[in-house]
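The values are calculated or read from the model by the stated rules, or taken from the named source; none is laboratory data. Bear in mind the structure is a predicted one, so any value in this text is a computation, not a measurement. Counting neighbours? That spans all protein chains shown, and the Cβs are built from the backbone with ideal geometry, glycine included.
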């Protein structure tokens, strides 16, 4: 490990070289170099709008904490008739229930005999898959976690079957963004052109059901 003063001098040297290189290239801007800046700025702006929009969208979704979700779920599970089989619901965090699950169960009264909340978590390694059954939260509600490398394309149905779980229907959320803000309109367009995350996993198309809900931004 190099001492701190050596690292500081090395960083300063790299900064000076980059600054000189950058300054020398500014002379090209009036002679057509601005086109490179314009072309590079387009994908940069798209990336910034998308990342900023995703953060804003996640805040607007207002997922329900599991502890607040459970009392109503228990009441509905006892009161309403249940669909035979297992329904799968995707959630980023099993402790925070996405609004599409709340709408599906409480507004549409779609509750299965076995309701499985699945969380897909990325690992730091490129490859590898770990799957395990989480806790049984209450009657008819349990969790399942799949940890996977960031380059893995997992077969969710096969993993579940290996663990003795046969899925009847798979639900996932789709956002319909309503906004008067020009920037968020661009973000809404990007979202419409972006494939849904379920397309990146091996899922049986005849079992998938997308739940659309309105989000105001």
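Considering the conditions (1) closer than 24 Å to residue 208 by Cα; (2) in contact with a strand residue (DSSP E or B) (Cβ under 8 Å, 6 or more places away or on another chain); (3) at pLDDT 90 or above, residue 81 is excluded by exactly one of them, (2). Filter the range 136-154 down to the residues that are free of Cβ contacts under 8 Å to residues at least 60 places away in the same chain and surrounded by 14 or more Cβ atoms within 10 Å (Cβ to Cβ) and list them by number. Correct list: 142, 143, 144, 145, 146, 147, 148, 149, 152, 154.
Would it be correct to say that residue 114 is surrounded by 18 or more Cβ atoms within 10 Å (Cβ to Cβ), assigned by TED's automatic domain parsing to the domain that holds residue 70, out of contact with any helix residue (DSSP H, G or I) (no Cβ under 9 Å at 6 or more places or on another chain) and without any contact (Cβ under 8 Å) to a residue 40 or more places away in the chain? In short, yes. What single numbered condition from (1) modelled with pLDDT of 90 or more; (2) over 11 Å from residue 88 (Cβ atoms) fails to hold for residue 116? Unmet for residue 116, out of (1) modelled with pLDDT of 90 or more; (2) over 11 Å from residue 88 (Cβ atoms): (2). When residue 133 is tested against the conditions (1) within 22 Å of residue 70 (Cβ to Cβ); (2) at pLDDT 85 or above; (3) touching a strand residue (DSSP E or B) at 6+ places or on another chain (Cβ under 6 Å), the lone failure is (2). If you go through the range 82-95 and pick out every residue that is surrounded by 13 or more Cβ atoms within 10 Å (Cβ to Cβ) and either within 18 Å of residue 157 (Cβ to Cβ) or without any contact (Cβ under 8 Å) to a residue 12 or more places away in the chain (or both), you end up with 6.
Please pick out the residue among 110, 117 that is under 21 Å from residue 208 (Cβ atoms), part of a loop (DSSP other than H, G, I, E, B) and touching a strand residue (DSSP E or B) at 6+ places or on another chain (Cβ under 8 Å). Reasoning before the result, please.
Numbers: 117 fails: part of a loop (DSSP other than H, G, I, E, B).
It is 110.
Here residue 182 meets each of (1) in the same structural domain as residue 104 (by TED's automatic domain parsing); (2) over 18 Å from residue 93 (Cα atoms); (3) loosely packed, with under 14 Cβ neighbours inside 10 Å with one exception, condition (1). Out of curiosity, is residue 167 surrounded by 19 or more Cβ atoms within 10 Å (Cβ to Cβ), in contact (Cβ under 8 Å) with a residue 60 or more places away in the chain and part of a loop (DSSP other than H, G, I, E, B)? Yes, satisfied. Scanning the range 201-217 for residues being surrounded by 12 or more Cβ atoms within 10 Å (Cβ to Cβ), outside any strand (DSSP E or B) and out of contact with any helix residue (DSSP H, G or I) (no Cβ under 7 Å at 6 or more places or on another chain) gives a total of 1.
I'd like to know if the range 148-159 contains one or more residues that are more than 27 Å from residue 214 (Cα to Cα) and part of a strand (DSSP E or B). Show your work before the answer.
From the range 148-159, those more than 27 Å from residue 214 (Cα to Cα) are 148-159; that's our starting set.
From the residues that got through so far, the ones that are part of a strand (DSSP E or B) too are 148-149.
Looking through the range 148-159, at least one residue is more than 27 Å from residue 214 (Cα to Cα) and part of a strand (DSSP E or B).
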